[in-house]
2 protein chains.
Amino acid sequence: MKVSKTEKNLPEPTKAELEILQVLWEFGPSTVRFVNDKLNAQRDVNYTSTLKQMQILTEKGILKRDESQMKHIYIPVEDESKTKDQLLDRFVNTLYKGSASSLVMQLLGNNKTSKDDIEKIKKLLNNFDK
Amino acid sequence: MKVSKTEKNLPEPTKAELEILQVLWEFGPSTVRFVNDKLNAQRDVNYTSTLKQMQILTEKGILKRDESQMKHIYIPVEDESKTKDQLLDRFVNTLYKGSASSLVMQLLGNNKTSKDDIEKIKKLLNNFDK
DNA sequence: CCAAAGGTACGATAGTTTTCGTACGAAGCA
DNA sequence: TGCTTCGTACGAAAACTATCGTACCTTTGG
């Protein structure tokens with residue numbers, strides 16, 4: 001199973017922080033106003049709450065920002081893929097003792113995975129080790 | 001075709017709660033003492049902390065207990081697989097917009113997944129739809 | 001019978017995460 | 001110029017999570 005030691009990395013984002021990261025991943029570097037608007041499409045959040053979160057994310061080193069303008073632009077320090085890797089790694093380790101195949105088995109048994117997705121997964125695997 | 005009736009989900013277990021659930025999944029219905037001993041194999045926890053957590057889990061309806069003896073026996077209400085399904089589902093939805101194949105792709109790109117695991121996953125898929 | 005060991009109950013505290021009010025400066029505009 | 005809008009900064013409340021101390025009851029063994 002090879003539980004790789006978790007790389008010494010940035011602090012794990014919390015739930016609210018993850019919401020923000022996802023907006024930035026999807027739309028690229030953004031202002032607080034922009035992020036807050038996106039969040040409010042899903043749920044009510046006060047502007048200053050979002051601002052605070054983004055400031056905290058910056059303190060933690062998860063985001064950096066361009067302060068050259070009055071409206072600061074926030075940017076994720078690590079790219080989406082790397083951060084998700086960490087989260088996924090942690091998830092697999094926690095719930096499946098590090099076994100990716102166990103996770104996939106669960107995914108297949110879970111009837112929420114569509115035929116389409118299963119087909120896609122097959123293709124991925126076949127192309128994988130050439 | 002599987003109609004997924006929106007199952008009413010139990011409240012999502014917290015981190016500490018998940019630790020306890022895992023002990024119960026691995027060893028079956030247990031007393032607080034037993035669970036606490038297992039936890040202490042990994043980290044220090046006071047007995048009453050574990051007790052409290054298990055009481056909370058019971059209040060939340062995640063565990064039930066047999067109180068017919070002085071030493072109560074705690075039992076998960078849902079089975080391991082179902083609970084993990086929910087957690088996995090939530091994870092996929094949150095991070096991969098519900099796309100299982102995206103998750104698997106990440107898993108493969110992530111070089112923490114061993115050759116062995118990849119082989120296992122292939123076998124799973126090939127046996128899956130026949 | 002009594003003390004010690006071991007069990008549950010539960011409130012209080014500590015720690016973390018999330019939310020927001022308030023202060024205040026800069027920009028926009030009539 | 002003044003007023004209103006929009007921005008950041010930041011402390012602190014609120015909400016959630018985790019840990020533990022203390023009280024008190026039951027069982028055990030000498």
Cα gyration tensor shape for the protein assembly as shown, rounded if a/c is under 1.5, else prolate or oblate: oblate
Spatially proximal aspartates and glutamates relative to B:LYS38 (Cα-Cα < 15 Å; intrachain offsets below 8 disregarded): B:GLU17, B:GLU19, B:GLU26
Computed helical MRE - 222 nm, chain B, DSSP H runs ≥ 4 contributing -39500 (n - 2.57), nearest 500: -18500 deg cm²/dmol
Other-chain or far-sequence residues with amide H under 5 Å of B:LEU63's (modelled H): B:THR58, B:VAL77
Global size of the stretch A:80-128 as Cα Rg and Dmax, reported in angstrom: 12.0, 29
Dipole moment magnitude, nearest 20 debye, the stretch A:29-105 about Cα centre, only Lys, Arg, Asp, Glu C-beta charged: 160 debye
Estimated FRET transfer efficiency when R0 is 30 angstrom, pair B:ASN93-B:ASP116 (beta carbons, to 0.05): 0.55
Among the listed pairs A:LYS52/A:LYS82; A:LYS15/B:LYS97; A:LYS15/A:LYS64, those beyond 22 Å (Cα-Cα): A:LYS52/A:LYS82
Measure of compaction for chain A (Cα Rg per 2.2 N^0.38 Å): 1.29
Computed over the stretch B:23-73, Cα set: Rg, Dmax in Å: 10.6, 30
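Coordinate-derived values only; no laboratory data. Bear in mind the structure is a predicted one, so any value in this text is a computation, not a measurement. In this analysis, Cβ positions are derived from the backbone assuming ideal geometry, glycine residues included, and neighbour counts consider all displayed protein chains.
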